[in-house]
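Here the structure is laid out as structure tokens; the discussion comes afterwards.
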Amino acid sequence: MKRLIVMMALFLLLFTGCKSDIPEPAECVLCDAFPRHAPCLVDLNTGELRELAIYQPHHTKVAELSDEQYGGYMSLVSFGDISGILLGADRVELDAPAKMTGMLDGIFCNECRKLLRDNKCQGYILADLRTPETPAVWRIKDGTSFSVRCYDLEISKSDETDKLKIVMTGTLDIDNLKMGD
């Protein structure tokens, strides 16, 4: 009889959900983030976020661009295992590891966890956080390409380094903007 009770308890655990319920964080890394105009790199293991801003932000409007854009500068980008260069008002070129693992569930709300799992995201992602309450996410994997606002992104595997090459090119129509050097 005792054995039957143990078997029934195990059966109930297996079929009624033996998954652990991870509590919702006070703030979700994605949907509670500050709005950003450019796509962002997000480290799924730490919750760190880096906007890939190649254009000048507006001085008073959130997630908008300035009417004056300045190019002709370069800066280095270092974000965890991802690094490269940013060429102002032009593009970002990054190298990322080909294999990425991990995701710290406790820093995302249930809805964002589902979004990340549905997209098979691990390690790092690219995210559109212009309206963070409805984030869009992309895995960093070979063959991924997409456009968001005035940014075209392409990810391909480098034959030389065996790393993934992330290239984000700005497509802003600058005809009506004042450009500085």
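The values are calculated or read from the model by the stated rules, or taken from the named source; none is laboratory data. Since the model is a prediction, treat every value here as computed from it, not as a measurement. With ideal geometry, Cβ positions are generated from the backbone for all residues, glycine too; neighbour counts draw on all protein chains shown. We work out accessible area using only protein heavy atoms, side chains counted, and drop any ligands, DNA or RNA first. Shrake-Rupley method; radii C 1.70, N 1.55, O 1.52, S 1.80 Å.
The table that follows gives values for the structure above.
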{"read-out": "In Å², nearest 10: area of SER66 left accessible to a 1.4 Å probe", "value": "10"}
{"read-out": "Links that overshoot a 23 Å alpha carbon limit, given the list LYS120/LYS163; LYS114/LYS157; LYS61/LYS120; LYS99/LYS120; LYS61/LYS165", "value": "LYS114/LYS157; LYS61/LYS120; LYS61/LYS165"}
{"read-out": "Gained length - LYS157 relative to THR46, 0.36 nm times residue gap less alpha-carbon distance", "value": "37.5 nm"}
{"read-out": "Spin-label model distance (nm) - THR171 vs ASP81, 7 Å beyond Cα toward Cβ", "value": "3.0"}
{"read-out": "Order of exposure, largest accessible area first, which applies to MET74, MET103 with probe 1.4 Å", "value": "MET74, MET103"}
{"read-out": "Accessible surface of region 26-168, 1.4 Å probe, proportion on carbon and sulfur as whole %", "value": "46"}
{"read-out": "Calculated FRET value between ALA98 and HIS58, using beta carbons and R₀ = 35 Å, to 0.05", "value": "0.45"}
{"read-out": "Net lengthening on full extension, SER145/GLU24 (0.36 nm per residue, minus Cα-Cα)", "value": "40.4 nm"}
{"read-out": "Cα-based convex hull volume of region 79-181 per residue, rounded to whole Å³", "value": "129"}
{"read-out": "Rounded to the nearest 10 Å², the accessible area of GLU111 at probe 1.4 Å", "value": "140"}
{"read-out": "Those chymotrypsin sites (Phe, Trp or Tyr not before Pro) in region 64-132 that DSSP places in a loop and that have at most 13 other beta carbons within 10 Å", "value": "TYR73"}
{"read-out": "Ordering of 112-122, 29-39 by burial proxy (mean other Cβ atoms within 10 Å per residue, highest first)", "value": "29-39, 112-122"}
{"read-out": "Local electrostatic count, CYS112, Cβ distance below 15 Å [Lys/Arg +1, Asp/Glu -1]", "value": "-4"}
